[in-house]
Every structure is written in structure tokens, then in C-alpha cells.
Amino acid sequence: MASGKIKNIIFDLGNTLVFFDYCYFYDGVARLEKNLNAYHLKKYFEKNRLDIKIGSNKLNIKQVFKKIKKKFKLRIGYKDFHFLYCDIFWENTPMKNFLEDNADSKYNLYMLSNVDSSHINFIDHNFPYVKLIKKRILSYKVKSVKPGAKIFKHLIDKYKISPKESIYIDDLKANIIAGRKLNFNSIHYTSHKRFLKEFRKHSA
């Protein structure tokens with residue numbers, strides 16, 4: 001149960017609530033395309049910041065598919081491509097347990113994530129515990145991404161929360177720094193054991 005000043009827990013999604021690795025996507029596409037090197041696909045994806053463009057709704061996954069299909073002369077169909085793009089996640093069991101333990105506590109639970117519609121729909125379907133968090137600010141909906149201050153301000157304004165009464169959890173240091181600049185009590189998620197120690201300290 002919440003004690004002291006903390007009323008809100010704000011979760012990042014990727015590598016916090018669920019783990020993910022885009023290499024499953026690159027390797028999966030390369031397995032179906034004899035002439036495609038997974039490393040080259042990875043470099044193209046990263047150089048063009050396609051994850052950020054999809055997450056901020058500047059491009060959708062169908063548009064990205066067409067770009068990649070043309071660039072690498074792919075024969076793969078969109079259905080297989082889309083499945084491989086989505087099937088990159090796996091359960092973070094300790095965080096699942098933490099979330100379930102706190103679902104009916106006095107904490108208000110929020111999600112603040114750089115994510116697109118394909119990924120969040122896949123996660124909600126395959127990892128039902130994530131759906132325990134109903135209040136969400138998702139980058140593709142607000143067309144802004146972390147670590148930019150704008151997406152944090154969407155969260156503050158929409159749900160009328162005080163950063164000083166909130167614990168924000170994220171695996172990326174840049175996002176943690178951005179949260180701290182806005183006075184969130186921020187925990188860098190690097191291991192669950194360390195997270196629990198920090199959480200207890202903040203919520204004591």
C-alpha cells in the first residue's frame with residue numbers, strides 16, 4: 001500500500017513491463033529472405049529511426065513495410081512481416097507479479113510508452129497483465145516520444161497528477177533524466193531486485 005507522499009506509479013512498457021528485442025524481427029525476416037542480411041536490415045531500421053517514426057505516428061507499419069520491401073527487394077508478404085515485427089516480446093515475470101500485487105492497492109497506475117498500435121495490440125492480447133493499467137499515454141496517439149518533455153506533460157495534464165507524488169519507472173537512462181527534470185521520482189529499471197529496493201525507498 002502507498003504510504004507517505006507517493007500516490008502514482010508510472011510504468012514504461014518495453015524492457016520494463018515486458019521485455020523485447022528487435023533482433024527477433026530482423027532475424028525472422030532474414031530467415032524468409034535468402035538474399036537479406038539481418039544486420040543490414042537492422043542498420044537501415046536504426047539509421048532511419050523507423051521505430052521512432054512509427055512510435056510518433058509519422059509513419060505506420062504498412063508504410064515501413066513498403067519502404068523495406070522496395071529497399072531490399074523482399075518477397076515476404078505483409079502478413080508475415082507484420083507478425084515478425086510484433087513477435088519480439090516476452091514476459092517480465094517479476095514485474096507481472098509486482099503489477100498484479102499493486103492492481104488493487106492505493107496506487108494509481110499509469111503507462112507512459114513509446115509504442116505504436118501494432119505493438120500495444122499484440123502485447124495486450126498476449127500479455128493480459130499489462131491490461132491492468134487502464135490509464136495510458138501512448139506515443140503514437142499523442143504524436144510525441146520520450147525523452148521529449150511533451151509526452152510527459154500529456155500525462156501530467158490529462159490525469160492531473162503531481163510528479164512529486166509519482167514514481168516513474170523506465171529502462172532508458174535518457175528517459176529517467178527527462179522525468180527527473182520534471183520532478184518525477186524516477187527509477188532506472190536495470191534489474192528487478194534493484195528496482196524493488198529503490199521502490200521501497202521512494203514509497204517509505
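Structure values in brief
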item	result
Tabulated pairs, region 118-146, first assigned by TED's automatic domain parsing to the domain that holds N175 and within 15 Å of I156 (Cα to Cα), second of a type in the set (V, I, T) and not in a loop (DSSP other than H, G, I, E, B), C-beta under 7 angstrom, 6+ apart or interchain	I137/I151; L138/I120; S139/I151; V142/I151; S144/I151; V145/I52; V145/I151
Hits in region 180-194 (condition: under 18 Å from E91 (Cα atoms) and under 17 Å from the mean Cα position of the chain (by Cα))	Y189, T190, S191, H192
Condition broken by E100, with the remaining ones in (1) exposed (fewer than 14 other Cβ atoms within 10 Å of the Cβ); (2) touching a Phe, Trp or Tyr at 6+ places or on another chain (Cβ under 8 Å); (3) farther than 30 Å from Y159 by Cβ; (4) acidic (D, E) satisfied	(3)
Flag if F25 is in a helix (DSSP H, G or I), of a type outside the set (D, E, K, R) and in contact (Cβ under 8 Å) with a residue 60 or more places away in the chain	yes
Unique residue being within 30 Å of L84 (Cα to Cα) and buried (at least 19 other Cβ atoms within 10 Å of the Cβ) when the list is I167, I123	I123
F65 in contact (Cβ under 8 Å) with a residue 12 or more places away in the chain and under 28 Å from S162 (Cα atoms)	no
Matching entry among K47, K73, K34 (being at positive phi and surrounded by fewer than 14 Cβ atoms within 10 Å (Cβ to Cβ))	K73
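Each row is one residue, and each column tells you yes or no for (1) over 26 Å from L112 (Cα atoms); (2) among the acidic types (D, E); (3) within 23 Å of the chain's Cα centre (by Cα); (4) in a helix (DSSP H, G or I).
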position	(1), (2), (3), (4)
K5	no, no, no, no
I9	no, no, yes, no
T16	no, no, yes, no
A30	yes, no, no, yes
K34	yes, no, no, no
K43	yes, no, yes, yes
E46	no, yes, yes, yes
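The values are calculated or read from the model by the stated rules, or taken from the named source; none is laboratory data. This is a predicted model, so every value here is computed, not measured. Using ideal geometry, Cβ is built from the backbone for each residue, glycine included, and neighbour counts are taken over all protein chains shown.
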